[in-house]
Structures are given as C-alpha cells and as structure tokens.
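The values are calculated or read from the model by the stated rules, or taken from the named source; none is laboratory data. Source: prediction; values computed, not measured. Positions of Cβ are backbone-derived with ideal geometry, glycine not excepted, and every protein chain shown enters the neighbour counts. These accessible areas exclude ligands, DNA and RNA; they are computed on the full protein's heavy atoms, side chains included. Shrake-Rupley method; radii C 1.70, N 1.55, O 1.52, S 1.80 Å.
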Amino acid sequence: MLDMESLKNVENGVVPAVCSLDCPDQCGLLVHKKDGKIVKIDGDPSHPVTQGSICNKVRHMAERLYDPERLQTPLKRVGPKGQGSFEPISWEEAIDTIAGRWRKLIAEEGAESILPYSFYGNMGRLHSEGMDRRFFHRLGASQLAQTICSSAGNAGYKYTMGGSFGTDPAEMSETKLFIFWGINAVSTNMHQVMIAQKARKKGAKLVVIDVHKNQTGKMADWFIPIYPGTDSALALGIMHVLYAENLVDRDFLKAYTVGHEELEQHVKKYDPQTVAGITGVPVDDIYQLARMYGHISPAMIRIGNGLQHHDNGGMTVRTIACLPALTGQWRLKGGGAVKSNAGFLAYNKAALQRPDLRQRQSRTINMIQLAEALHDAEPPIRSLFVYCANPAVVAPNAEKVRRGLAREDLFIVVHDLFLTETAKYADVVLPATSSFENTDFYTSYWHQYLHLQEPVIPPYGESKSNADVFRILAEAMGFDEPAFKESDEELVERAISEVPNPYFPDVDLAELKKKRFVKAKNTGEHWKNVNTPSGKIELYSKQMERDGYPALPTYMPLVDENYPFLFVPGPNHHFLNSTFSNNAKHMKLEKEPRLFMNSADAEKLGIENGSLVRIWNERGECELVVSVGDQVLPGVVVSQGLWSDQSGAKRLVNALTPDRVADMGGGAVFFSGKVNVEPVK
Ligand SMILES: Nc1nc2c(c(=O)[nH]1)N[C@H]1C(S)=C(S)[C@@H](COP(=O)(O)OP(=O)(O)OC[C@H]3O[C@@H](n4cnc5c(=O)[nH]c(N)nc54)[C@H](O)[C@@H]3O)O[C@H]1N2
Ligand SMILES: Nc1nc2c(c(=O)[nH]1)N[C@H]1C(S)=C(S)[C@@H](COP(=O)(O)OP(=O)(O)OC[C@H]3O[C@@H](n4cnc5c(=O)[nH]c(N)nc54)[C@H](O)[C@@H]3O)O[C@H]1N2
Ligand SMILES: [Mo]
C-alpha cells in the first residue's frame, strides 16, 4: 500500500490518480513520475470499469500540464479587454484588488451585482462545487443555474424514472441489443463502446440513431439517420408498433408503471407512416427497429447528451425513457437505459456547500443566457468570477457574450490553468492548479464508482486550487466562519458522511484512501421504487401536467428559424469541450474543423468538397472547410469541436448557436439553430 500523504513527493515511480475531465468514463489512472514530474499517464488495470484503457487526450496530458503557456502567476490586464496584454502581479495584489472592488460593489450596488460563472472543467466536487459555493453563499452573490450540459434531459428522464438512475455498466456484458441514441460514444464514452464490442463478440447487436454518421455510426450493425429534434416521434412510433403487435410486457406495465392504458391509446396516432414523415426514418425501418426492440432482450438504450441539446430535449428524453418499461427490460440484467447514473452517488451536498451561510436570498441567472444577463440584467451584473469554464467559447450566442465581457464597467476575474479566450477579457487572472495537484473526490455519472484523488505533484508555479482561492478570498472579505477554515480532507469527510441517499456507499475517508474507488450499493432494483410522485415509472405524469407539459410523451417540433440548414455543432474526439483546443498535440491530431454537408445540398449550392464555406445567421458567422458526402441528411449540417479562434480564424461555432431555453430544466439548445451556407469566393 502506497503512503497517500507522500504521493506528491515520490520522485520516481508510479502513483494512482483519477481523471478529472467532464466525461462519463471517469477513468482510474496510473501516473508515471520521473525526477518529480509526470512523464506518462496510463490507465489503471485494476479499475473495475475502465480496466486500464484511457483516451488519447489523457495519455498526452503531461504535455498540457507542463505546457510553456500554462499560467504560473496572477496577472493584471494592461491592454484593452480581449486583446491579451497582461503583467504578472503578486497574489497579495490580486486578492487585494478583488476584495477591494467587491467591497465597494457590495456597498454601492449589493452583492447580487457579483456573478460566479463555473462549470465542470474539473469534476472534483470540492473544487467545482465545494468551497466556492460556501464562499458565494456567504457573499450573497447572484446564483448560477448550471444548465449548459444535461439539465433538459435530466429533467425529462426524471419525470419518467424519478431521477438519474439507470442500468449498471457492470451488467452490460449480458446485454444483447445496444441502442446508442444521440451519443457519439466512440469519442465521448469509450468504455461504453468497449463493453458493447465485447458483447458483440457473443452475438449482441449495436444500433446507432444519430443525425451524423460519425465514428460511432460507422461501427454500428445498423446506423439509423434521423432529422434533428425528431427522436421522440421515433420513440412513439416504436411504442405504436410494440402495442399493435403485442410485444409489450403487460405484467411489468401493471406492476411497476402508471398510465400504460392511456399511453396505448395515445400512441395510436404515431403510426409508422406519420412518424416516417417527421423523422426521415423509412416506414419499414421503423417496423424493423420496433420488432428488434420487442424481440431481443436484454436491450439497453444509451441515451446521449446530443439529442437533448434541442428545444424539445426534455420531452425527447422523457419519451425515450419510457421504452424499457414497455418491454419490461428493467427486470433483466443488462436491460434498461442510461442517461446518467449520477443519482446513485449523490453525496451530502448541504454539508459540503453550506447554503445556510447565505444571509439573504438572491436571484438565479441561467448560465446559457449569459449574453442577455451581461447586457440586460436588472440590477446589472458588475463583476464576473469565472472558474472551471470558458464561456467566451462554450456559451451559446458567443459573439453577444463577448460583447458583454468587453463592457468596461464589468470587473472580471478568471481562474484557470491557461489564458483562455475568456481570460483575455479579465481584469485579474489567477493561475489554477490541475486536478493532479489537489485532494478531491469524484463521482461518475455513468459507472457507479466514487473515487478519491490525492495530490500526485506539487502545485505548478504559484498556482492555487479553487478551494484555496476561496479560502483566501473569504479571509480577505473578513468572513470568519469556521466553514472557511476546513481543510480539503475535512470537506471530503463531510460530503461523504450522513448522505441522504440509500445507494451511497458506506465509506469513510480512511477506507476511501485505502481502496481509492468504491461502488454505490444495492443499485440493482432501483426501478422498483422510483422517486416519482406515484413511486412508479410514470408513462402518464400528473406532475408534468401541473408543470404545463402534456402528461403523456409527445412529439414537439423545434422552433423554426428562417434559414435552410439545421446546424449541429457537437464536440470532437481530441478536445474536451474547449479544453485541449489550445494544446499543439491535440490540434494536430484533430487536424482542422470541418462542416459535413449532404452531396445533394452541396450540388445545389455549387459547393465543392474541401472548399471553404461561410456559415451564417443573424447571430454571427463562421468559416469552415466543407466535407461533402452522405454522413448527414439533406437540410442538416454538422461540425465537430469547440475550436479556439485565438489565431483569428473564424471558427467560433457558438457565434451561431441560439441562447433560447429548452423545454425543461432551463437547458441549452445548441443543436436547434438554423444557418445559411455559401461558398467563400
Ligand atoms: N472526446 C470528447 N469527449 C467528451 C466531450 C468532448 O468534448 N470530447 N465532452 C464531454 C461532455 S461535457 C459531454 S456532455 C459528453 C457529450 O457526449 P454525447 O453524449 O456523445 O453528446 P454529443 O457529442 O453532444 O452528441 C452526441 C451525438 O448526438 C447527435 N445528435 C445531435 N442532435 C441529435 C438529434 O436530434 N437526434 C439524434 N438522434 N442525435 C443527435 C450528434 O450528431 C452526436 O453524434 O461528452 C463528454 N466527453
Ligand atoms: N456548440 C457547442 N457548445 C457547447 C457544447 C456543444 O456540444 N456544442 N457542449 C456544452 C457542454 S455539454 C458543456 S458541459 C460545456 C462545457 O463548457 P466548459 O465547462 O466551459 O468546458 P471547457 O471548455 O472544457 O472549459 C473548462 C475550463 O476549466 C479549466 N479548468 C480545469 N480544471 C480547473 C480547475 O481545477 N480550476 C479552475 N479554476 N479551472 C480549471 C480548463 O483549463 C478550461 O479552460 O460546453 C457546452 N458548449
Ligand atoms: Mo457536457
């Protein structure tokens, strides 16, 4: 057994770690050190789910950690906002500047004029939603609704299944039919692919339903292309056939669901002819898919994030989540569905985040409406503190976001490892440690393991962890509550004890230090007692009716914008959102951003494969090299990757995306925007 206290002092050797990226796989890692530095990162073969394999992004992580561009000291801006002229300053000056500005703002305009903006650049709970929350609660700052990733789909899934509880990946060796629905798993959930590949060797089938025949579609037994935002219609068409051909499990429906009779009546109108007209999936294929789903079990649907980044994303996931109950898949090992399994590892949030430190209520700002908030919020936002996020690239309607960031009266602090596109607008930039330099605990949202990370290298330069920055800021602001004096280990202990969640593992810090990863307990029959108002799987939901939605799963069309092409700008293989988009190795592996277009559309517009095209709408424009072929349906264009535009290249795809709010959860609709495309002359 390694002595955890000394991992960061190991000069030469191999030490354990966990990946901190915002990714379902949450891999166990082995870090190789030479002369006190990380020289190589491998997978940990003893990790039960990730079993020693890791992605290329993390394999090359050492180059990012020691990149000469990595921030080593605090900086202050000395040129115009956005331009990138900075000078090093001391931590003392940086903290004095921030605390001074904030004290003045609080006195003159109130603490709500300060907005924290963060996401999961580091999935560690202490550093992404721990000491920071304590601090901003005590400060009384505006709160941020963290909706950018999965909130629409999670809200939809919850109406059906009561929360983020799904199939255990450990049981998927039994699965006979995998449906990857709106997930580019080859790039975004590689261990899900490895599990499916193993099962395929034993005869399992893989169906992929997507708007883009990407790497994941190409490896399927059957790839089904579909028009964006129409998946709920396809799911309803499958239900139509399942009922009509008596392929449903009536015993399961009676025992464990609410509303199956209403649903049976309701889906009569979603006949394959009608559904084909909506989805672009041919009538015969709808029959074939429904029969496959009705006959092959265990069947498991991996519901991706892509299909819920739409105006109707909540309802789409709510609808697909009904399917496993219709055929009773939940009772089978390896059957069911996974959107997220985060519910099994929900920890003691109140103990970690201490909402009780908030002395008065304050408003909540939806993060996907940052552009609007920076322009029009009343009372105005006067200061933004950004950490673990890069909104100048990842937020929708990004040109408008940048115009907001450029406001001279907006005092911006950015805490990051690099001078990101957002940091260029900051008044003060603070250098952040990487997750390898911190203590933290991690909970996967796909497999069901809780992990501990101990620092394996010392802090880089003068960088500080998020928790330390907020401890120092608390002191500077004169907050003397003991909550700001607790160590990282004490925070972990609080978060994992007295957890109000029956599945959370019984584990304390000492045991977690020994074991490093521990699985959630008794997760097998979660579907028998779900956290809906009825305690059953809700095919018909009175709660939805009360919340202003149809009670039964329903196809709701996307908002139509007045341009010819639906634009789907998803993530790519070698970046993680915008992370790695500034690292030479990753850019080289990814080559260049492309726009995929159907040959018929290209021919009509006189666009040649490999040429540069201009993509535009009223929000902004972009120029990408076009890839013409049959990877997307006519009327759809797809790009991959949140590329940096620091070089001046017009690659900011979020310049085009809408900042409307999805049907549920305040979610983002990155993929429901429309654009025009024309050749660049
Ligand atoms: N390599 C890599 N891995 C990542 C990330 C990354 O940037 N790069 N990001 C991480 C994060 S934060 C997340 S949330 C996940 C996201 O990973 P995924 O869950 O895979 O989600 P996306 O890649 O956004 O979209 C998945 C697929 O949905 C398709 N799609 C879009 N609209 C529709 C639709 O209407 N219907 C259907 N059927 N398909 C549609 C897209 O073409 C895409 O292939 O990945 C995580 N892992
Ligand atoms: N067009 C389009 N836009 C999208 C998406 C899409 O599919 N298409 N996907 C959306 C989704 S699903 C998501 S989740 C968001 C993600 O958006 P973000 O969460 O903003 O993700 P990143 O771009 O990876 O930026 C994370 C930043 O955190 C920094 N960081 C890492 N660790 C730490 C740390 O410990 N401390 C501090 N202070 N900083 C740290 C990294 O260096 C990086 O700059 O993007 C969304 N935007
Ligand atoms: Mo995400």
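General remarks:
- 11 Å beta-carbon shell around residue 558, net charge (K/R +1, D/E -1): -2
- Only Cα pairs under 8 Å and 6+ residues apart enter the sum, and on that basis the relative contact order of the range 382-434 stands at 36 percent.
- Whole-number percent relative contact order across the range 574-681, with pairs defined as alpha carbons under 8 Å at least 6 apart: 30
- At 1.002 mPa s and 20 °C, Stokes D of the range 1-125 from Kirkwood alpha-carbon radius, µm² per second: 118
- Per residue, the solvent-accessible area of the chain (1.4 Å probe, heavy atoms of protein chains only, all protein chains present) comes to 36 Å².
- Here the peptides 657-665, 82-90 are ranked by packing, the mean other Cβ count within 10 Å, and the order with the highest first is 657-665, 82-90.
- Other residues within the sphere of radius under 11 Å centred on the Cβ of residue 516, judged by their own Cβ, net out at 0 (K and R +1, D and E -1).
- The chain - charge dipole about Cα centre, Lys and Arg +1 at Cβ, Asp and Glu -1, debye rounded to 20: 1020
- q = 0.05, 0.06 Å⁻¹: log10 I(q)/I(0) that the Debye formula gives for the chain, counting C-alpha atoms only: -0.23, -0.33
- DSSP-assigned coil residues among GluC sites (Glu not before Pro) in the range 45-98, each with at most 15 further Cβ atoms within 10 Å: 69
- Hull-based mean projected area of the range 226-302, where the convex hull spans the alpha carbons, in square nanometres: 5.3
- For the residue pairs 57/604; 198/519; 37/588, the alpha carbons lie more than 30 Å apart in 57/604.
- Placing unit charges on the Cβ atoms of the charged side chains and taking the dipole of the chain about its Cα centre, the candidate lying farthest along the positive direction among 223, 455, 91 is 223.
- A simple rule links phi to the HN-Hα coupling: the Karplus curve 6.51 cos²θ - 1.76 cosθ + 1.60 with θ = phi - 60°, which for the range 590-599 gives 7, 6, 8, x, 10, 10, 8, 9, 6, 4 Hz, with x for Gly and Pro.
- Of the GluC sites (Glu not before Pro) in the range 428-526, the ones in a loop by DSSP (not H, G, I, E or B) with at most 11 other beta carbons within 10 Å are 498, 525.
- Accessible surface of the range 1-98 [probe 1.4 Å, protein heavy atoms]: carbon and sulfur percent: 49
- Between the range 64-138 and the range 400-428, the Cα center-to-center distance that results, in Å: 10
- Cleavage-rule hits (trypsin sites (Lys or Arg not before Pro)) in the range 194-273: DSSP loop, at most 13 neighbouring Cβ within 10 angstrom: 202
- Think of the range 563-616 as a dipole: +1 on every Lys or Arg Cβ, -1 on every Asp or Glu Cβ, centred on the Cα centre; then among 602, 584, 574, 584 lies furthest on the positive end.
- For the peptides 543-555, 353-365, the ranking by mean Cβ contacts within 10 Å, running from highest to lowest, is 543-555, 353-365.
- Based on Cα contacts under 8 Å between residues 6+ apart, the chain shows a relative contact order of 20 percent.
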